[in-house]
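What follows is one structure encoded as structure tokens, with my remarks underneath.
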Amino acid sequence: MSSLMDGKAKKRLEVIRQKLPMLKQQLAGAKKQMDDVEEVKKLEKEIAALEAEATKLRA
């Protein structure tokens, strides 16, 4: 982690780290069920957004 990263960014990164595994697990379950294709798309979009935000925060 960059020494320039402020406390707010570190805290947000930690929240993202905690949220991603949970979302990925939900996505895996949604893919098995495939009842709601929109739910799968929504989860994939949310995961991608969080991963992009985490990458941006680390930069």
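The values are calculated or read from the model by the stated rules, or taken from the named source; none is laboratory data. Computed from a predicted structure; not experimentally measured. Glycine also receives a Cβ, built like all others from the backbone with ideal geometry; neighbour counts cover every protein chain displayed. We work out accessible area using only protein heavy atoms, side chains counted, and drop any ligands, DNA or RNA first. Shrake-Rupley method; radii C 1.70, N 1.55, O 1.52, S 1.80 Å.
Against the conditions (1) surrounded by fewer than 13 Cβ atoms within 10 Å (Cβ to Cβ); (2) under 17 Å from the mean Cα position of the chain (by Cα), ALA9 satisfies every one except (1).
Every listed requirement among (1) open to solvent by 90 Å² or more (accessible area, probe 1.4 Å); (2) in a helix (DSSP H, G or I) is met by LEU57 save one, (1).
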